[in-house]
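*Asks:* Just dropping this structure here.
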Amino acid sequence: MSVAHKEEVESKSKNSVDDVIHRAVKKIGGRKENELCKYLPMKSGGYMHHFTLKKMKYKQPQELASIIERFVINSDKPVIVSPKQRAARGSRKRRDHMNFTRNQLERMLNIARLAGDKEIITILSPKKSLATCKRELIQAIRQNRVEQELWNSYAEAIQTQQNILANSELLQH
């Protein structure tokens with residue numbers, strides 16, 4: 001099939017779709033073609049989305065024309081399709097993370113300490129400010145205690161502060 005012939009066929013089908021859409025909009029007493037969507041049922045339930053209508057108009061014009069003729073033009077009284085049932089707002093809560101009480105977290109932290117799992121200790125330990133880390137570290141040094149977890153918190157707080165400073169300097173330049 002030649003390119004010119006293909007364009008001619010597409011042009012005819014587009015014109016026929018536009019004609020069908022125009023007649024259907026007139027029949028339902030609408031002003032815009034998007035108003036047709038509520039009269040066109042979908043296999044998945046509910047009525048056709050206006051994006052689907054636009055997409056079909058250019059990619060599947062014959063199919064769209066037949067759907068419109070079937071449900072609007074050839075129907076004695078076109079019926080508005082009820083919308084697809086949707087989940088209520090807030091019903092799709094994330095269920096993949098667990099909420100622990102303070103006591104439960106402290107117990108898990110103690111278990112991790114007993115097991116010597118530094119990664120889990122770091123994850124479960126509450127994040128402390130740099131000033132708090134310094135103060136507690138100085139107290140531990142004065143009491144001749146070595147707390148690796150406290151040192152890790154201090155190092156993490158310093159690293160975070162340095163990252164914030166570096167990012168702010170980049171934004172200024």
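The values are calculated or read from the model by the stated rules, or taken from the named source; none is laboratory data. Computed from a predicted structure; not experimentally measured. A quick note on method: Cβ atoms are made from the backbone with ideal geometry, for glycine too, and the neighbour counts reach across all protein chains shown. For the accessible areas, the whole protein counts, side chains as well, though only heavy atoms, and no ligand, DNA or RNA atoms are used. Shrake-Rupley method; radii C 1.70, N 1.55, O 1.52, S 1.80 Å.
*Asks:* Put a dot 7 Å past each Cα toward the Cβ at R70 and A115; how far apart are the dots in nm?
*Replies:* Inter-label distance under the simple model: 5.9 nm.
*Asks:* Taking the chain as the reference, fit the longest principal axis to its C-alpha atoms, fit the long axis of helix 130-142 to the helix C-alpha atoms, and give the angle between the two in degrees, 0 to 90, nearest 10.
*Replies:* 20
*Asks:* At what distance in nm do the modelled label points of Q148 and T52 sit from each other, each positioned 7 Å from its Cα along Cα→Cβ?
*Replies:* Simple spin-label model gives 5.9 nm for this pair.
*Asks:* What pairs from K32/K77; K54/K84; K59/K84; K27/K59 go past 21 Å between their alpha carbons?
*Replies:* Working: K32/K77 19 Å; K54/K84 19 Å; K59/K84 24 Å; K27/K59 24 Å.
The answer is K59/K84; K27/K59.
*Asks:* Find the all-direction average of the projected area of the Cα convex hull for the chain, expressing the result in square nanometres with one decimal place. Please report the intermediate quantities before stating the final value.
*Replies:* Numbers: hull surface 89.4 nm².
Mean shadow area of the hull around the Cα atoms is 22.3 nm².
*Asks:* Right, another one. In degrees between 0 and 90, to the nearest 10, how far off the longest principal axis of the chain does helix 102-115 point, with axes built from Cα atoms?
*Replies:* So the inclination is approximately 60 degrees.
*Asks:* For the chain, which whole percent of the accessible surface, found with a 1.4 angstrom probe, sits on carbon and sulfur atoms?
*Replies:* Numbers: 7410 of 14090 Å².
Carbon and sulfur together cover 53 percent of it.
*Asks:* In addition: Quick check on the chain: helices-only [θ] at 222 nm, where DSSP H runs of length 4 and up contribute -39,500 (n - 2.57) each and the sum goes over total residues. Nearest 500, please. Please list the in-between numbers first.
*Replies:* Values: 7 runs with 103 residues, N = 173.
After summing the helix terms and dividing by the residues of the chain, the value is -19500 deg cm²/dmol.
*Asks:* Based on the mean of other Cβ atoms within 10 Å per residue, sort peptides 156-162, 74-80 so the most packed one is first. Numbers along the way, then the final one.
*Replies:* Values: 156-162: 13.1, 74-80: 10.4.
Peptide ranking by packing, descending: 156-162, 74-80.
*Asks:* Among H22, V81, Y58, whose Cα lies farthest out toward the positive end of the dipole of the stretch 14-105, if unit charges sit on the beta carbon of Lys, Arg (+1) and Asp, Glu (-1)?
*Replies:* V81
*Asks:* I would also like to ask the following. Please give the contour-minus-distance gain from S168 to M98: 0.36 nm per residue of separation, less the Cα-Cα distance, rounded to one decimal in nm. Don't skip to the end; give the middle numbers.
*Replies:* Details: separation 70, 0.36 × 70 = 25.20 nm, distance 3.42 nm.
Stretched out fully, the S168 to M98 stretch lengthens by 21.8 nm.
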